[in-house]
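S.K.: Sharing a structure below in structure tokens format, with a few things to ask.
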Amino acid sequence: MDNLSDTLKKLKITAVDRTEDSLEGCLDCLLQALAQNNMETSEKIQGSGILQLFASLLIPQSSCTAKVANIIAEVAKNEFMRIPCVDAGLISPLVQLLNSKDQEVLLQTGRALGNICYDSHEGRSAVDQAGGAQIVIDHLRSLCSITDPANEKLLTVFCGMLMNYSNENDSLQAQLINMGVIPTLVKLLGIHCQNAALTEMCLVAFGNLAELESSKEQFASTNIAEELVKLFKKQIEHDKREMIFEVLAPLAENDAIKLQLVEAGLVECLLEIVQEKVDSEKEDDIAELKTASDLMVLLLLGDESMQKLFEGGKGNVFQRVLSWIPSNNHQLQLAGALAIANFARNVVNKAKMLSAGVTEAVLKFLKSEMPPVQFKLLGTLRMLIDAQAEAAEQLGKNVKLVERLVEWCEAKDHAGVMGESNRLLSALIRHSKSKDVIKTIVQSGGIKHLVTMATSEHVIMQNEALVALALIAALELGTAEKDLESAKLVQILHRLLADERSAPEIKYNSMVLICALMGSESLHKEVQDLAFLDVVSKLRSHENKSVAQQASLTEQRLTVES
């Protein structure tokens, strides 16, 4: 390294004299030393004070400029050199060099700025103040269509520089989005998809930018979906596919892009992956299976994309997703359950799903011992029978199902399964309005759970329980009488009416239920013993008109029956 010390001394002199040949020789020696031992050479450069001189050497008309920028790029690979490069005043002259017409100068300048920005707040801030990002984006735009290798190398460096400049920095990423970088990068990906390095750089940039909500609108206005799916179909390597997945996942959170991805044929790719990987025990395959099935579920969360998938291919996607549920792969079971639940959100789909035998399939899979899968399948059944009286009656008369639901109503270890079981019991009654269904639920011991559900902390569940109990009282009071009595329904209703915190609809439905219970001698007696008249009469002046009117009607009924 003694030669290096001599070179640095000589460089100081020649930098002042501007003797081009001598200068070039010194710079070559420095580059050679950096190639041999970058860290040690960088430390010597920092200690020599030569960095400050580099600023004066970064001039467009000099033949040595590219080499000086190359040296800066090399030293800035070391974290400890980035702030010294900023402090030496190198950023402004480097940004000025971005206006050069010399391709080698542009390449080395892009490398230097990119390396200085890497994980460096000071570097990024200096480049931001000097306006470097806009010049680089303008270059990407103007050079985008040129496909020769030298230009592609320059484009790759510029993409890398923007990535280092904005990585994990929301405000700088937002700045790039406002400068219109997204359509330019999408165009780059389309034109240069054969260039692995440039493609990879675009994907990493997309991955960073796609996390920002403000980027989604810009992405949706491009053909990003088509380009990514086209690229995905070509990939065989797991790592490359994973990289594309990392871009697709945040983009697929946007409904417009969901639809574009469906139209571009992403779903067929995902279904193929699932089919290929489902029985594999390789770690990479298991990871890819999870990512593909998760992404499939994400696409189904959009109303339009979900509907397109349901109606397309004569229900092929629906049937294939349904086949995931009996899989031995727990991840796939859950994804299948989530997907079917998404299809069931649409009113038009329900009738088609019911006629396609979905309830039989779901009932078969309820045997799964995975609570998250059970939870989703129960929710799916509840959505399927909504406003479908025939289906609700058919399910409600299924003794095995009702008995299983009653059993799960006590599954305190799994609150979700317990809640959905209660809600499904209530839904079977509310949507079927069938005496046979009520009898099945009474015989299976379901009444006590509906009464408990009326005390839930969730108003929606309380309400569903009260409406179901009112139907029971109206249609099959004699059958349910003893169970309602032992579940202390009347006492619970008194408490709900007396509690000022009870929602208006809870008070209203509690009074409707009280009136319906008067047809039972034993329950009627309980109502009289608890002095309901006092509580109800106070509700006549309730601010909610429906509650006040129902209070008057209930008061009349209680007075007549007393």
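The values are calculated or read from the model by the stated rules, or taken from the named source; none is laboratory data. Predicted model, so just to flag it, every value in this text is computed and none were measured. Positions of Cβ are backbone-derived with ideal geometry, glycine not excepted, and every protein chain shown enters the neighbour counts. The accessibility values were calculated without ligands, DNA or RNA, using every heavy atom of the protein model including side chains. Shrake-Rupley method; radii C 1.70, N 1.55, O 1.52, S 1.80 Å.
S.K.: Between 0 and 90 degrees, rounded to the nearest ten: what's the tilt of helix 132-143 against the longest Cα principal axis of the chain?
M.R.: 90
S.K.: Projected onto the charge dipole of the chain (+1 at Lys/Arg Cβ, -1 at Asp/Glu Cβ, origin at the Cα centre), which of PRO250, ILE460, LEU299 gives the Cα projection farthest towards the positive end?
M.R.: Most positive-ward Cα: ILE460.
S.K.: Within the stretch 487-562, report the GluC sites (Glu not before Pro) that DSSP leaves as loop and that have at most 10 other Cβ atoms within 10 Å. List each step's numbers first, then the result.
M.R.: Numbers: sites: GLU500, GLU505, GLU521, GLU526, GLU543, GLU555, GLU561; in loops: GLU500, GLU543.
In loop regions of the stretch 487-562 (DSSP not H, G, I, E or B), the sparsely surrounded GluC sites (Glu not before Pro) are GLU500, GLU543.
S.K.: For the chain, what does the helix formula give at 222 nm: sum of -39500 (n - 2.57) over DSSP H segments with n ≥ 4, over the residue count, nearest 500 deg cm²/dmol? Mind showing how you got there, number by number?
M.R.: Values: 37 runs with 434 residues, N = 562.
The helix contribution divided over the chain gives -24000 deg cm²/dmol.
S.K.: Here is a further query. What is the percent carbon and sulfur in the accessible area of the chain, measuring with a 1.4 Å probe over the protein chains and ignoring ligands? Write down the numbers at each step before the final one.
M.R.: Working: 12380 of 25190 Å².
Ligands and nucleic acids excluded, carbon and sulfur reach 49 percent.
S.K.: A follow-up question, please. Looking at the stretch 405-449, which trypsin sites (Lys or Arg not before Pro) are DSSP coil and have at most 13 other C-beta atoms within 10 Å of their C-beta?
M.R.: Details: sites: LYS412, ARG423, ARG430, LYS433, LYS435, LYS439, LYS448; in loops: LYS412, LYS433.
Of the trypsin sites (Lys or Arg not before Pro), the ones in loops of the stretch 405-449 whose Cβ has at most 13 other Cβ atoms within 10 Å are LYS412.
S.K.: Average projected area of the Cα convex hull of the stretch 411-493, in nm²?
M.R.: Details: hull surface 20.1 nm².
Computed as one quarter of the Cα hull surface, the answer is 5.0 nm².
S.K.: List the relative contact order of the chain as a percent without decimals, with contacts defined as Cα pairs under 8 Å and 6+ residues apart. Mind showing how you got there, number by number?
M.R.: Numbers: 704 pairs, mean separation 30.9, N = 562.
That works out to 6 percent.
S.K.: For the stretch 95-210, with every protein chain kept in place, what is the accessible area per residue (1.4 Å probe, Å²)?
M.R.: Working: 4470 Å² over 116 residues.
Per residue, the stretch 95-210 has an accessible area of 39 Å².
S.K.: How much length, in nm to one decimal, is gained on full extension between ASP102 and LYS153, taken as 0.36 nm per residue of separation minus their Cα-Cα distance? Walk me through the numbers on the way to the answer.
M.R.: Details: separation 51, 0.36 × 51 = 18.36 nm, distance 1.40 nm.
Difference between extended and current length: 17.0 nm.
S.K.: Given the options SER537, ALA351, HIS192, identify the residue whose Cα lies farthest towards the positive end of the charge dipole of the chain (+1 on Cβ of Lys, Arg; -1 on Cβ of Asp, Glu).
M.R.: SER537
S.K.: Could you tell me which of the pairs LYS234/LYS350; LYS101/LYS240; LYS400/LYS488 are separated by over 30 angstrom between their Cα atoms in the structure shown?
M.R.: Values: LYS234/LYS350 37 Å; LYS101/LYS240 34 Å; LYS400/LYS488 27 Å.
From the list (LYS234/LYS350; LYS101/LYS240; LYS400/LYS488), the Cα-Cα distance tops 30 Å for LYS234/LYS350; LYS101/LYS240.
S.K.: What percent do you get for the relative contact order of the stretch 249-306 when only Cα pairs under 8 Å and 6+ apart count? Let's see the in-between values first.
M.R.: Details: 46 pairs, mean separation 27.0, N = 58.
About 47 percent, as a whole number.
S.K.: If you place +1 on the Cβ of every Lys and Arg and -1 on the Cβ of every Asp and Glu, how big does the dipole about the Cα centre of the chain come out, in debye to the nearest 20? Before the final figure, lay out each step's value.
M.R.: Details: 54 positive and 75 negative charges, 324 e Å.
I would put it at about 1560 debye.
S.K.: Compute the distance in nm between two label points, each set 7 Å from the Cα along the Cα-to-Cβ direction, one at ALA389 and one at ASP239.
M.R.: 6.3
S.K.: Against the longest principal axis of the chain, how steep is helix 20-36, in degrees 0 to 90 to the nearest 10, with axes from Cα atoms?
M.R.: In the chain, helix 20-36 runs at an angle near 50 degrees to the longest axis.
S.K.: How many angstrom lie between the Cα centre of the stretch 214-253 and the Cα centre of the stretch 156-186?
M.R.: 17
S.K.: Additional query: Using 1/(1 + (r/R0)^6) with R0 = 56 angstrom and r between the beta carbons of LYS435 and GLU304, what's the FRET efficiency to the nearest 0.05?
M.R.: Numbers: r = 41 Å, r/R0 = 0.74.
Plugging the Cβ-Cβ distance into 1/(1 + (r/R0)^6) gives 0.85.
S.K.: In square angstrom, what is the accessible area per residue of the stretch 389-515 with a 1.4 angstrom probe? Could you put the intermediate results ahead of the total?
M.R.: Values: 5520 Å² over 127 residues.
Normalised by residue count, the accessible surface of the stretch 389-515 is 43 Å².
S.K.: Express the relative contact order of the stretch 480-537 as a whole percentage, based on alpha carbon pairs under 8 Å and six or more residues apart in sequence.
M.R.: Values: 28 pairs, mean separation 25.1, N = 58.
Across the stretch 480-537, relative contact order equals 43 percent.
S.K.: On a 32 Å Cα-Cα criterion, which of the cross-link pairs LYS367/LYS507; LYS282/LYS412; LYS352/LYS397 come out too long? Walk me through the numbers on the way to the answer.
M.R.: Working: LYS367/LYS507 38 Å; LYS282/LYS412 36 Å; LYS352/LYS397 21 Å.
Listed pairs above 32 Å: LYS367/LYS507; LYS282/LYS412.
S.K.: Please give me the summed charge of the neighbours of LEU31: other residues whose Cβ is under 14 Å from its Cβ, Lys and Arg +1, Asp and Glu -1. Can you show the working numbers first?
M.R.: Details: positive: LYS44, LYS67, LYS77, ARG111; negative: GLU24, ASP28, GLU74, GLU104.
Within the 14 Å Cβ shell, the charges total 0.
S.K.: At most 11 other Cβ atoms within 10 Å and a DSSP loop assignment: could you name the trypsin sites (Lys or Arg not before Pro) in the stretch 206-299 that fit? Intermediate results must be reported in sequence, preceding the final value.
M.R.: Working: sites: LYS216, LYS230, LYS233, LYS234, LYS240, ARG241, LYS258, LYS277, LYS282, LYS290; in loops: LYS282.
Filter output for the stretch 206-299: LYS282.
S.K.: Once you list every other residue whose beta carbon is under 14 Å from the beta carbon of THR559, what net charge do they have if Lys and Arg are +1 and Asp and Glu are -1?
M.R.: Numbers: positive: ARG540, ARG557; negative: ASP534, GLU555, GLU561.
After counting each charged neighbour, the total is -1.
S.K.: Could you tally the net charge around VAL535, taking each other residue with its Cβ under 15 Å from the Cβ of VAL535, Lys/Arg +1 and Asp/Glu -1? Intermediate values should be presented prior to the final figure.
M.R.: Numbers: positive: ARG495, ARG501, LYS507, LYS538, ARG540, ARG557; negative: ASP499, GLU500, GLU526, ASP529, ASP534, GLU555.
So the surrounding residues net to 0.
S.K.: Report, in whole Å, the centroid distance computed from the Cα atoms of the stretch 52-100 and the stretch 527-562.
M.R.: The distance from the Cα centre of the stretch 52-100 to that of the stretch 527-562 comes to 85 Å.
S.K.: Something else: Between the helical axis of 103-117 and the dominant principal axis of the chain, each derived from Cα atoms, what acute angle in degrees is found, rounded to the nearest 10?
M.R.: Taking Cα atoms only, the helix is inclined about 50 degrees.
S.K.: Any idea what the alpha-carbon Rg over 2.2 N^0.38 Å comes to for the chain?
M.R.: Working: Rg = 35.2 Å, N = 562, 2.2 N^0.38 = 24.4 Å.
Taking N as the residue count of the chain, the ratio is 1.44.
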